[in-house]
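Okay, so here's the structure we're looking at.
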Amino acid sequence: MNFMGYRRTDGAIGIRNHVLVIPSVVCANQVARGISQLVPESTWVEHQHGCTQLGADAELSTRVLVAHGTHPNVFGVIVVGLGCETLRAQDVAAKIKAKCPYKPVHLVIIQEQGGSIKAIANGASAAREMVVAASCLAREPIDAGELILGTECGGSDTCSGISANPALGIASDLLIDAGGSVVLAETTELVGAEHIMAARAVNEQVAQRCFAVIERCERLAKSMGVDMRGSQPTPGNIEGGLSSIEEKSLGCVYKAGSKPLQDVIDYAVPVTKKGLVWMDTPGQDIEQITGMVAGGCHLVVFTTGRGTCCGSPIAPTIKVATNSAIFDIMNDNMDLNAGTIISGEETVEQVGWRIFNEMLLVASGKLAKAEALGFNDFAINRIGPTI
Amino acid sequence: MKAIDNVATVVDNVEPDTDVVADINGKNVSVRINIKEKIPFGHKFALADIKKGEEIIKYGEVIGIATADIQPGQYVHVHNLDSRRGRGDM
C-alpha cells in the first residue's frame, strides 16, 4: 500500500516540503514572523524559550528546535537568532546542517544584520530562494510502512472513548500491520490505564517504564498540593461528562489500538522502533504535538469532542470529531466525523478504515483543515525554570 | 461498556423519569433503568446500587470512588464520584 511522498537524499521520507523559519530564542520571534509574512509559502514557529535556560532544560529546547529543522517534512530552514542568546542560532543551524547536509540552512543574526528590518529582508531573500527550489521537487510512490503517526486526543468528552478513540485505534493497528510506527503520548491521560499498557509491553523492561513514567507524572501533579481535577480533567472535559482522570485515561488508551507496546521513550526523542511506541509527554495539546513531531511523526490524527483548531506547522494535523454536533458546529476545523458511531450509522471499524484512508490521502498531499487555515502551533515542554 | 460496569453513559440529553435501555457490550443483554434526574448528553447514570466508598466501574475498570450512596438511575459525576489519582490535596 503506497502514498505519494518525498524521498530525501539520506533516505528519509517526508509528506510535506516546508521551508521553515525557526527563531532560536524568544527575542527573534517577530523577525521570524516578518520573514514568513514576506514569503507566504514558508511557515514559521514562535516560542517562549532560548535564553537563560539551564542544563537539561536548555538541551531539551535545543533538541526540539533542531528536530523541527531536520524533520523530513522540511525542505529548508532559516534559523533566526538575536545574537546574544543561550540557545545560539549558529549552533542550532550547525546541528541541523550536520544531520542533514543536503538541506539548505540559512542563518540570520539580528544584531549582525543591523536590526529587525534588515534581518527580515535577509531572511526573506533566502526563504524565497528555498521555496522556489522546493517547488521543483516531485512526489514519488512510497510504502505506507514508512509513515510515523502521532495520535492525540484534545478537548475530550465522554464520546472520545466510545467513538473517535477506538476508531483511531483501528487506524493505528492498520498502519502497524502495514509496517509503520504509531506514537501514543500524553502520559497524564494514561494515569489509571497504565496497567493496560504494561500488560501489552513486549518485555518486562518496557512494562516497568510504563509504571515509572506514570509515577513521575503523578508525583509532579501531587507536588502542586491540589486536586488534579480542574486541570486534569479540564473544566471542559468535566462539562463534557468526564468525572476523573482515570475515566479520561481509560477512554484515551483506546487510541493505541491493540498492538504490543514496543517502547516507552522520553519527550521529543526520535522514534526508531516499528509498531506502537509510548512517548512521555504532558497532556497539554500543543506541547504534545511538538514533542511527537520532534520525534519524527509525519502526521497527527487528533480526536476531539469539545472541538479544537490547532495544528503543527510542519506535520498535517487531522481532526476527528467524536460527535456529530461538534463536527457540524466546528466544521471549519473538523476533517472527519466519528459521531456516526454514536448514532449507529457506522461501526468503529468502518470509521477506523475511513481514518486510515484519509491518512494516506493527506500523506500524499491533501491538506488537513488546520494546514489550509495556516495553524502553526508550537510549544516546547519546559523542565526547568528561566533564570 | 463491559458487563461489570455499574455506570453507563447517555447518548442524548435525558429528562427525569425517563426509561432507558443500556446495551451491554453489544450482547443482547439489556438493562432497563428509570432515570431519576436530568442527565446531559455524554454524562453518566448508575446501573445499580452503589454504596458510599464503593468503586465505580466503567470500561470494566475503576474510574473512582462513590462519595455518597447512589441509587440506580441517579446521575453520577464529580458531585458523588471522587478520583483516586493525582490527589495532591489528600
Check: Charges only on Cβ, +1 for Lys and Arg, -1 for Asp and Glu: so what's the dipole of the protein assembly as shown about the Cα centre, in debye to the nearest 20?
Finding: 1200 debye
Checklist line | Per residue Cα convex hull volume in Å³ - calculated over the protein assembly as shown | finding: 138 Å³
Check: B:Gln71 versus B:Lys2, label points 7 Å from Cα toward the beta carbon: distance in nm?
Finding: 2.9 nm
Notebook entry, point to check: In the structure displayed, which of B:Lys36/B:Lys58; A:Lys319/B:Lys2; A:Lys97/A:Lys255; A:Lys255/A:Lys369; B:Lys2/B:Lys52 lie more than 24 Å apart, Cα to Cα?
Noted result: A:Lys319/B:Lys2; A:Lys97/A:Lys255
Margin query: I'd like the mean, over residues of B:41-52, of how many other protein chain beta carbons sit within 10 Å of each residue's own Cβ.
Written below: 3
Next item on the list: Would you please put A:173-183, A:98-108, A:318-328 in order of how densely packed they are, using the mean number of other Cβ atoms within 10 angstrom per residue and starting with the highest?
Entry: A:318-328, A:173-183, A:98-108
Check: Quick one, what does Rg over Rh come out to for region A:263-345 if you take C-alpha atoms and the Kirkwood Rh?
Finding: 1.04
Next item on the list: Using the charge dipole of region A:1-124 (Lys, Arg: +1 at Cβ; Asp, Glu: -1 at Cβ; taken about the Cα centre), state which of A:Thr43, A:Cys84, A:Val26 has its Cα farthest towards the positive end.
Entry: A:Thr43
Margin query: Given R₀ = 41 Å, what would the calculated FRET efficiency be for A:Gln350 paired with A:Ala94, taking r from the Cβ atoms and rounding to 0.05?
Written below: 0.25
Margin query: Could you tell me the relative contact order of region A:43-160? Use alpha-carbon pairs under 8 Å, at least six residues apart, and round to a whole percent.
Written below: 20 percent
Notebook entry, point to check: So which DSSP H runs in chain A come out at 15 Å plus along the axis (Cα) with average Kyte-Doolittle of at least 0.0?
Noted result: A:55-70, A:116-134, A:164-177, A:348-363
Next item on the list: Assign one of three labels to region A:74-145, namely rounded, prolate or oblate, based on the Cα gyration tensor with a ≥ b ≥ c the square roots of its eigenvalues; rounded applies when a/c is under 1.5, prolate when it is not and a/b is larger than b/c, and oblate otherwise.
Entry: oblate
Next item on the list: State, to one decimal in nm, how far the label point of A:Thr52 lies from the label point of A:Asn331, with both points 7 Å from Cα in the Cβ direction.
Entry: 5.0 nm
Next item on the list: Treat each spin label as a single point 7 Å out from the Cα along the C-beta direction, and report the A:Asp10 to B:Arg32 distance in nm.
Entry: 6.7 nm
Notebook entry, point to check: If packing is taken as the mean number of other Cβ atoms within 10 Å per residue, what is the order of A:289-298, A:338-347, highest first?
Noted result: A:289-298, A:338-347
Next item on the list: Express the relative contact order of chain A as a whole percentage, based on alpha carbon pairs under 8 Å and six or more residues apart in sequence.
Entry: 21 percent
Notebook entry, point to check: When averaged across all projection directions, what area in nm² does the alpha-carbon convex hull of chain B cover?
Noted result: 5.7 nm²
Notebook entry, point to check: For region A:105-243, treating each Cα as an identical point scatterer without solvent, what Debye log10 I(q)/I(0) comes out at q = 0.10, 0.18, 0.21 1/Å?
Noted result: -0.65, -1.03, -1.29
Note to self: Please compute, for peptide A:236-243, the average count of beta-carbon atoms on other protein chains lying within 10 Å of each residue's beta-carbon.
What the structure shows: 5
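Here, each number is a calculation from the coordinates, and none is a lab measurement. From a predicted model like this one, the values you see are computed outputs, not experimental measurements. Positions of Cβ are generated from backbone atoms using ideal geometry, with glycine treated the same way; all protein chains shown enter the neighbour counts.
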